[in-house]
Amino acid sequence: MSVKLSEKSVLEVLQPVQDPELQKSLVDLNMIRNVKIIDGQVSFTLVLTTPACPLREFIVEDCQKAVRTLPGVKDVTVEVTAETPQQKSLPDRQGIDGVKNIIAISSGKGGVGKSTVAVNVAVSLAAAGAKVGLLDADIYGPNAPTMLGLSEAQVMVRQGTQGEVLEPAFNHGVKLVSMAFLIDKDQPVIWRGPMLNGVIRQFLYQVQWGDLDYLIVDLPPGTGDAQLTMVQAVPMAGAVIVSTPQTVALLDARKGLKMFQQLNVPVLGIVENMSYFIPPDLPDKQYDIFGSGGGEKTSQELGVPLLGCVPLEIGLREGGDTGLPIVVGSPDSASAKALRAIAQKIAGKVSVAALT
């Protein structure tokens, strides 16, 4: 007996098709919606868990192949959208209204390119269609505005229902709040811990963030007050550790990683930045200025994923200095491709954690 082409039969043939990261049926996850059949033309909506899904095309292809096995199907149209899941709440942490996932980008020591990774990850997620904010929590050395082309921006202070709120600056699809907006260019921040605690909480709860899929937090290096304030204040979807391949940087990275684990924050993985140098006049050459393989070895020893290796290119530095992140300014460069892939992996791991 032949199978009648219907919404039920379409869902039945799609039942075995799985989300590759969640390893569960798309149908069971309610990711297949709005099935319509008109004269052999089958259409439906595929709702992904993140706009930055790296396997989007493969999932669509698997769905089309499955539906085409039904008799009477002339064509299959798949509309792709995304609904980013909300991270799990914690009873002793106060979430931020409208913000679904808070992700920390951290490092054990300074100078490893943590802010570069944070900015480019944020811009990559926004370019994929996500609603993204960036909180520059490096109060003593706030560089995110320069890297996002917002060094001359000024945040607006508005009167909200619960007091004054800051209106974040915006560029490259990313909302940004930074201490750099509140002080003069050459003014040092000479504060002890309690004042640092206060301004970070202000950036969390007294900013008009609106609806965000991801709030990326660019933390200062080390394991001090800023990290503790952030982890104790809000539920974190996870932390990403940035390091260079050299032994000294990795020693400090391990301490930062262990700190998050001790504070029960999921470590999403390690990013090896400045993995190798690509000279602009010899693009086929690679020089391991800071050593090689350190990130992979550390990830294996500590049992956390290596999210990716970002090469050192002149364009990467130039993009940070001019306010044009390399994922925007040179999207086909090796470092831009690596950073986009890292952003996709981060988004995927956050979705898996929220739905399992």
Check your understanding: In nm, to one decimal, how far is the L355 label point from the Q286 one, both placed 7 Å along Cα→Cβ?
Key -> 3.2 nm
Study note, to complete from the structure: Given a Förster distance of 35 Å, the FRET efficiency implied by the Cβ-Cβ spacing of K185 and E57, rounded to the nearest 0.05, works out to 0.20
Check your understanding: What distance in nm separates the simple spin-label points at F277 and V80, each placed 7 Å from Cα in the Cβ direction?
Key -> 3.8 nm
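Step by step: find N for the chain, compute 2.2 N^0.38 Å, then divide the Cα radius of gyration by it. What's the final number? It would help to have the intermediate numbers written out before the result.
Numbers: Rg = 22.1 Å, N = 356, 2.2 N^0.38 = 20.5 Å.
Output field value: 1.08.
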Review point. Once the Cα atoms of region 7-82 are picked out, what are the Rg and Dmax in Å?
Key: 11.5, 34
Check your understanding: Who wins for biggest fluctuation among I314, I342, I105 in a Gaussian network model of the chain, springs between alpha carbons below 10 Å?
Key -> I314
Check your understanding: Once phi is turned into θ = phi - 60°, what whole-Hz ³J(HN,Hα) does the Karplus curve with 6.51, -1.76 and 1.60 give for every residue of region 326-343, x standing for Gly and Pro?
Key -> 5, 5, 9, x, 9, x, 9, 6, 4, 6, 5, 4, 5, 5, 5, 5, 5, 4
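Enumerate by residue number the trypsin sites (Lys or Arg not before Pro) in region 282-324 meeting two conditions: DSSP loop (anything except H, G, I, E, B), and at most 15 other Cβ atoms within 10 Å of the site's Cβ.
Working: sites: K285, K297, R317; in loops: K285.
Within region 282-324, the qualifying trypsin sites (Lys or Arg not before Pro) (loop, at most 15 other Cβ atoms within 10 Å) are K285.
Given 4 °C and 1.567 mPa s, how large is the Stokes-Einstein diffusion coefficient of region 130-188 in µm²/s, with Rh as the Kirkwood radius over Cα pairs?
108 µm²/s
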Review point. Most mobile of P142, P279, P325 per a Gaussian network model of the chain (Cα springs, under 10 Å)?
Key: P279
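Given a Förster radius of 35 Å and the C-beta distance between E152 and I314 as r, what FRET efficiency does 1/(1 + (r/R0)^6) yield to the nearest 0.05? Walk me through the intermediate numbers first.
Details: r = 25 Å, r/R0 = 0.70.
That gives a FRET efficiency of 0.90.
Using only DSSP helix segments of four residues or longer, with each worth -39500 (n - 2.57), what per-residue ellipticity at 222 nm results for the chain after dividing by its residue count and rounding to 500? Could the numbers behind the result be given before it?
On the way: 11 runs with 121 residues, N = 356.
Result for the chain: -10500 deg cm²/dmol, rounded to the nearest 500.
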Exercise for review: Using label points projected 7 Å from each Cα along Cα→Cβ, tell me how many nm separate L11 and D97, to one decimal.
Suggested key: 3.6 nm
Point to revise | Alpha-carbon spread of region 188-250, three principal axes, descending order, Å | key: 40, 33, 22
Practice item. Using only Cα atoms, find the angle between the long axis of helix 56-68 and the longest principal axis of the chain, and express it within 0 to 90 degrees, rounded to the nearest 10. Key: 10 degrees
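Excluding R68 itself, what net charge comes from residues whose Cβ is under 15 Å from its Cβ, given Lys and Arg +1 and Asp and Glu -1? Present the calculation step by step, with values, prior to reporting the outcome.
Working: positive: K65, K74; negative: E12, E61, D62, D75.
Result for the local shell: -2.
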Practice item. Note down, for region 155-281, the three equivalent ellipsoid semi-axes (square root of 5 times each alpha carbon gyration tensor eigenvalue), biggest first, whole angstrom. Key: 29, 19, 16
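By counting other Cβ atoms within 10 Å of each Cβ, how are M31, M147 ranked from fewest to most? Intermediate values should be presented prior to the final figure.
Working: M31 23, M147 27.
So the ranking, lowest neighbour count to highest, is M31, M147.
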Check your understanding: What number, in percent, do you get for the relative contact order of region 7-82 if the mean sequence gap of Cα pairs under 8 Å and at least 6 apart is divided by its residue count?
Key -> 33 percent
Check your understanding: GNM, the chain, Cα, under 10 Å: largest mean-square fluctuation among C63, C53, C309?
Key -> C63
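What number comes out for the charge environment of W209, summing +1 per Lys or Arg and -1 per Asp or Glu over other residues with Cβ under 12 Å away? Could you put the intermediate results ahead of the total?
Working: positive: K100, K131, K175; negative: D97, E167, D211, D213.
Computed value for this residue: -1.
Can you give me the orientation-averaged projected area of the convex hull built on the Cα atoms of region 1-156, in nm²?
Numbers: hull surface 55.0 nm².
Value for region 1-156: 13.8 nm².
Throughout, read-outs are computed from the coordinates displayed, never taken from laboratory work. These numbers come from a predicted model, not from an experiment. Glycine gets a Cβ as well: all are built from the backbone with ideal geometry, and neighbour counts include every protein chain shown.
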